[in-house]
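One structure is given here, and the rest of the page talks about it.
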Amino acid sequence: MKAIFDDRQRAHDPKHFMSNGRVSANPEQPQRAAELIRGARAANLAFSAPTDHGLGPIAEIHSPEYLAFLKTIHGRWIRTENASDEVIPNIHPDRRTASYPSSAAGQAGFHQADTSCPIAAGTWESAYWSAQTALSAVDGVLSGEASAYALCRPPGHHAFGDLAGGFCFLNNSAIAAQALVRAGRRPAILDVDVHHGNGTQGIFYQRRDVLTVSIHADPARFYPFFWGHAEERGEGEGRGYNLNLPLPRGTNDADYMVALDIALDRVRDFGADVLVLALGLDAHENDPFHGFGVTTAGFGHIAAAISRLDVPAVIVQEGGYLSADLGDNLTSFLNGYQTR
């Protein structure tokens, strides 16, 4: 399996995180990349650097207004009197159709959904190369590879077309799927992160050329709260092209596999000729977010089931946070995918 990573993805080193009103260390740390690299190498993957595809493929998903914000906001922010070291919003518009402000604080509120996506000096560089990593994995699949693993960090599936959130800035899975559409392919996105991929859903919600399927913890009491419910099926031309499978907190291996079978049947019924797999490893029983109870061995079973779709796969890293098991979970998944 081809594997892609760029060291510039370590430049993003966020400090701020707020949960239940308390500020703590941000869990999306550069050390995640080191643990994931260890896990991939244990599965006998060797990494190569991504190719720079430029802004064009990214701008097919994200608005130029938003990209200009991401590139420039930190420099503008720190020139503000008494500004913090990171861009953290403190006010949000009540609707996306509201007027667009000129101030750094106002634009931060417009383009950052929450306080878990602080922007510092290295954020744009890391997000840019994270997206290029996904695009380079697409290159591998389009050139004949059966699968390719993109170690994308920061992750992407909570990012909308003009909105960061949940540790995410550029939606790597959506960018990969759009590149596949441009190449004449019929992609399905399967998101197995414990959190619903609300940004991915939002980007494709009115489209029928990309199927979006997500298995995640029930958002009635779990981030991202406002999206990911079973009744969300798409709109307009996209009606019926979005499937959400919310599951109870603590879901174990056996119950997860039941939902996965439903998800895979939907991918088959779409007639996908390529899969974008948004691989979150935070469904693990020891992940700091404690959403599901999937075991390390369970990730191997999940991978084997997905691989039986027998279509090429672009595997895009999403969540999975620091614990003693993170690298081992990736090893289990990759071994299960490669040895079905």
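Structure summary
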| read-out | value |
| --- | --- |
| Label-point separation, R41 to F226 (7 Å along Cα→Cβ), nm | 4.2 |
| Where chymotrypsin sites (Phe, Trp or Tyr not before Pro) fall in DSSP loop in the stretch 171-229, at most 14 other Cβ within 10 Å | F225, F226 |
| Cα-based shape type of the stretch 227-340, given that a ≥ b ≥ c are square roots of the gyration tensor eigenvalues and the cut on a/c is 1.5 | oblate |
| Extension gain (nm, one decimal) between A183 and R268, 0.36 nm per residue minus Cα-Cα | 28.6 nm |
| Between 0 and 90°, nearest 10: helix 326-338 axis offset from the chain longest Cα axis | 40 |
| Charge sum, other residues only, whose C-beta stays under 15 Å from H92's C-beta, Lys/Arg counted +1 and Asp/Glu -1 | -1 |
| Rough spin-label spacing in nm, given labels placed 7 Å along Cα→Cβ, for A34 and A68 | 3.9 |
| Net charge contributed by nearby residues that have their C-beta within less than 13 Å of G109 (K/R +1, D/E -1) | -1 |
| Helical contribution to [θ] at 222 nm, DSSP H n ≥ 4, -39,500 (n - 2.57), averaged over the chain, rounded to 500 | -11000 deg cm²/dmol |
| Convex hull of Cα atoms in the stretch 129-168, direction-averaged projection (nm²) | 3.0 |
| Residue-span extension gain [N90 to D261] - 0.36 nm each, minus C-alpha spacing | 57.4 nm |
| Selected from L277, L135, L245 as most flexible by GNM, with the chain as the system and alpha-carbon contacts under 10 Å | L245 |
| Rounded if a/c under 1.5, otherwise prolate or oblate - the stretch 63-210, Cα gyration tensor axes | prolate |
| Zone of Q206's modelled label, taken as backbone nitrogen in the stretch 41-66 under 16 Å from a point 7 Å along Cα→Cβ | 61-63 |
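Taken together, the values in this text are just the output of simple stated rules run on the coordinates, not laboratory data. No experiment lies behind these values; they were computed from the predicted model shown. Note: ideal-geometry Cβ built from the backbone for every residue, glycine included; neighbour counts use all protein chains shown.
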